[in-house]
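Visitor: I have a structure here, written as structure tokens, and I will follow up with some questions on it.
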Amino acid sequence: MINDSQKDLLKEYINVFVGKAANMLSEMANQRVLLRVPEIEILNMQNDDKFSWPTDGLFSYGHIISSSMKFGRDFSGRALLIFPANKAKLLVDACLGEIDSDDLQPDSSQLADTDFDVLKEISNIILNCVIGEFGNLLGVKLDFTLPDVEVVFVSEAEQQLYLKNSVHILMFYTAFTLEKAKLDGVILMVLGMNSLNMLISKIDNILGELND
């Protein structure tokens, strides 16, 4: 479905796109944001493939904050911003300028309605940036929904995200860390078959130009 050359180039673009979003988050939270190399998977839902929530030291199970944004037109899918719920208040307060590196508040999952409003705005900015960069790459206009922010419990026994609405799905995720707040999170995107084909075709065109 996707060869090593296609995957490597796609990773390069994703790294740039997420890097721009990380710069925005860095400015909002007034602290450095560290990125990890993106991971890319192709899932075949006819084979009942499943994608595990990223668990490489970020959060193996428990309550998480999941911000989900749908986007559409010719290129469509869903993007998510995920991080541990017990760190959500730190992120909110950091972006509001209410804490600094010498005065970090304890972990807390107690969020007021105003905190969810801030999380929704943060998610809107970050996910819009990533999705918009994909649109620029493909030269297409995209419609966005406002992000849905919810607290989700991921049990130790059930760490799978099941995606039943498409046959083949491209999924990527990249982890990030806010240095001062010690907050780890994940940006994740899901694409269906038509959008996957469009993206691979564009990547092939770029590879062809590079090899000429």
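Coordinate-derived values only; no laboratory data. Since the structure is predicted, the reported quantities are computational estimates derived from the model, not experimental observations. So basically every Cβ, Gly included, is an ideal-geometry build from the backbone, and we count neighbours across all protein chains shown.
Visitor: Provide the per-residue ³J(HN,Hα) series for the stretch 136-141, in order, calculated from phi with Karplus coefficients 6.51, -1.76, 1.60 and θ = phi - 60°, each as a whole number of Hz, with x at glycine and proline positions.
Guide: After applying 6.51 cos²θ - 1.76 cosθ + 1.60, I find 5, 4, 8, x, 10, 8 Hz.
Visitor: Give me a comma-separated list of calculated 3J(HN,Hα) values for the stretch 115-126, in order, Karplus coefficients 6.51, -1.76, 1.60 applied at θ = phi - 60°, integers in Hz, x for any Gly or Pro.
Guide: Coupling constants for the stretch 115-126: 5, 5, 4, 5, 4, 5, 5, 4, 4, 4, 5, 5 Hz.
Visitor: In addition: I want to check the label-to-label distance for SER201 and LYS180. Put each point 7 Å from Cα in the C-beta direction and report it in nm to one decimal.
Guide: Result: 4.7 nm between the two label points.
Visitor: Related question: Rounded to whole Hz and in sequence order, give me ³J(HN,Hα) for the stretch 24-33 from the Karplus expression 6.51 cos²θ - 1.76 cosθ + 1.60, θ = phi - 60°, writing x for Gly and Pro.
Guide: 5, 5, 4, 5, 5, 8, 6, 7, 5, 10
Visitor: In terms of modelled amide H atoms, which long-range or inter-chain residues lie less than 5 Å from the amide H of LYS180?
Guide: So LYS180 has HN proximity to ARG32.
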